[in-house]
Amino acid sequence: MAIKNFFKSKKNILYIIAFSIVFLACLWAFISASIITTSFKKKIINQTYQNKEANIESLLVTETKDGTKLWELFADKGTYTDSNNIVLLEDIIGNFYDENIVKASFKADKGTYNTTKKEIILYDNVILVYKDGTNISAQRIKYSGKNTDIIAEGDVRIEKPHEAVLIGHKAILDGNYKDFHIEGRTQTQFYM
């Protein structure tokens, strides 16, 4: 009976309505705050573990497959940014291998290594020397993996010892480190 009498009073009904409104407002605020802080925490976590940059000195990078070394490079300095998976390299020397035998060596002032594509791009004073002594200089050399052509571009100069000097804009160097061809306007000098 006391409950029935409680609801007969208009004042008590207003208290119940006011309490319900306050309760629903608090519940809405709690749920909204929970959603906002959850997304905020995710953003903080994502920002914490993404776009990291590492500066490295004396960097050695090697790629192997089935226990066979494909290539290696040493750089005095390197900067890695995980946002693009590229290592920026300075003062680089290295070797390309075929069946664990050095087939070509290279040197460059600068370069990049794409950790996703496993691609090396060398630029600024690039020199590539084959095992037979053939040396190639270019503004830029791109290596995209074993059994793919090596692309040399920009003021390409290929010197075959005691045979010839070839000068051109672009050269395609066979991935087996034996053959090459030069493209565009070329100049050739033969030794006799």
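Each reported figure results from applying straightforward, stated rules to the coordinates on display, with no laboratory input. From a predicted model like this one, the values you see are computed outputs, not experimental measurements. Every residue, glycine among them, receives a Cβ derived from its backbone with ideal geometry; neighbour counts consider all protein chains shown.
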Hey, in the GNM for the chain with a 10 angstrom Cα cutoff, which one of Val165, Val22, Val102 fluctuates hardest? Val22
Could you identify which residue out of Leu59, Leu88, Leu24 has the top mean-square fluctuation in a GNM of the chain using Cα springs shorter than 10 Å? Leu24
When the charge dipole of the chain is computed with +1 at the Cβ of Lys and Arg and -1 at the Cβ of Asp and Glu, the Cα pointing farthest to the positive end, of Ile35, Gly133, Phe106, is that of Ile35
Run the simple label-point estimate for Lys117 and Phe30 please: 7 Å along Cα→C-beta, distance reported in nm. 5.4
Quote the FRET efficiency, to the nearest 0.05, computed for Asp76 versus Lys131 with a Förster distance R0 of 41 Å and r equal to the Cβ-Cβ distance. 0.95
Segment Asn176-Phe19, extension gain: residue separation times 0.36 nm, minus the distance between their alpha carbons: 48.3 nm
Peptides ranked, highest mean first, by Cβ atoms within 10 Å: ranges 146-152, 134-140, 61-67: 134-140, 146-152, 61-67
What does the convex hull of the Cα atoms come to per residue for the chain, in Å³? 207
On a 27 Å Cα-Cα criterion, which of the cross-link pairs Lys69/Lys142; Lys117/Lys160; Lys103/Lys170; Lys52/Lys103 come out too long? Lys117/Lys160; Lys52/Lys103
Please give the direction-averaged projected area of the C-alpha convex hull for segment 120-187, in square nanometres with one decimal. 4.2
